[in-house]
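First comes the structure, then the notes that go with it.
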Amino acid sequence: MVIRTREEALRALSRLLDLDRSQQIVQMTVALAECLTPEARRILYRAHEGLLSGHLETRVRKRPAPAAKAPDVELEPLPPDAGPVDDAQMVAQLQSALDALKAAAVAIDVFSDMRDQVGRWELARIALQGATDFRSLVSQGASGAPDASGKMLTMVRRGRPWWHSEVPTVAAACERVWRESPPSKWRVGAHTLLDIVATTELRALYATGSNIPNVQAMNEPLAKIAATVTRLVRKEYPQGLPAESAFLE
């Protein structure tokens, strides 16, 4: 069997979601080997990252570590010009956002009509707030259920935060920080940086008009976030971000 098209990849994903964890790992390896096109491989690779690895389920509803406690992930020292994010709760939020964005990338692949209607960060927030319903709808969508997309869109719209209108301003700041950050094999894309900030509650400290007077003033705190995310990504992907990763967007 070979997998060439988006539809064939989604059918394979639908079958995999019904298996237990050990079977999922084996069958995903087989399915990835059967992919003959970049699109099909990207869909199944992101599914493996976002839904089959178990990251989201183990982190959902988990309280961040107390500030006095060391973060779960060991970080290398940041360059002096970037400055560290040394708050354990913030580091925990960044890691949770990265995990949730993996699941959100799968939802975007499944519900391709949503790509221009909602932000990936909105889906990530829904994934964190209601993991069971989120995963169920993704499974239904991969199986071709006609109403799954509408239900997911309704969940997103109902869960939109009050600061939704401020996102374009934050996006402009993230784009600037991305352009000024040093290129590397672990640098996430400008859209991903926005998604991480918007998925977490870090925007309450760093990215709202009531706290930050202008876009320029966002540069330093967002640069700290970007540098810390690079450290987290480097630890998870020692060889660099793979071409299929949604974090490159």
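The values are calculated or read from the model by the stated rules, or taken from the named source; none is laboratory data. From a predicted model like this one, the values you see are computed outputs, not experimental measurements. All Cβ positions, even for glycine, are placed from backbone atoms using ideal geometry, and neighbour counts span all protein chains on display.
For this structure, a couple of remarks:
- Of the candidates PRO79, PRO71, PRO84, the single residue that is surrounded by 17 or more Cβ atoms within 10 Å (Cβ to Cβ), assigned by TED's automatic domain parsing to the domain that holds ASP133 and at pLDDT below 80 is PRO71.
- Note on the stretch 124-143: residues that are part of a helix (DSSP H, G or I) and more than 23 Å from ARG15 (Cβ to Cβ) total 5.
- Residue check for ALA190: within 21 Å of ARG42 (Cβ to Cβ), in contact with a helix residue (DSSP H, G or I) (Cβ under 6 Å, 6 or more places away or on another chain), among the hydrophobic types (A, V, I, L, M, F, W, C) and at pLDDT 90 or above: yes
- For GLY130, the criteria (1) crowded, with 23+ Cβ neighbours inside 10 Å; (2) within 16 Å of the chain's Cα centre (by Cα); (3) among the small types (Gly, Ala, Ser) hold in every case but one, which is (1).
- Selection status of HIS191, within 19 Å of the chain's Cα centre (by Cα), surrounded by fewer than 22 Cβ atoms within 10 Å (Cβ to Cβ) and under 28 Å from LEU241 (Cβ atoms): yes
- Among residues that are more than 16 Å from the chain's Cα centre (by Cα), modelled with pLDDT of 85 or more and farther than 30 Å from LEU44 by Cβ, ARG179 is included.
- Unmet requirement for LEU56, which otherwise passes all of (1) modelled with pLDDT under 80; (2) among the aliphatic types (A, V, I, L, M); (3) surrounded by fewer than 19 Cβ atoms within 10 Å (Cβ to Cβ): (3)
- Scanning the stretch 173-199 for residues that are part of a helix (DSSP H, G or I) and free of Cβ contacts under 8 Å to residues at least 12 places away in the same chain gives a single hit, ARG179.
- Where a residue in the stretch 22-35 is among the charged types (D, E, K, R) and its partner, wherever it lies, is loosely packed, with under 14 Cβ neighbours inside 10 Å, with Cβ under 6 Å and at least six apart: GLU34/MET1; GLU34/VAL2
- Lone unmet requirement of (1) part of a helix (DSSP H, G or I); (2) aliphatic (A, V, I, L, M); (3) modelled with pLDDT of 85 or more for ALA204: (3)
- Failed item, numbered, when LYS235 is tested on (1) assigned to a helix (DSSP H, G or I); (2) modelled with pLDDT under 80; (3) surrounded by fewer than 16 Cβ atoms within 10 Å (Cβ to Cβ): (2)
- Residue in the stretch 14-28 that is surrounded by the most Cβ atoms within 10 Å (Cβ to Cβ), counting only those that are among the hydrophobic types (A, V, I, L, M, F, W, C) and not in a loop (DSSP other than H, G, I, E, B): LEU16
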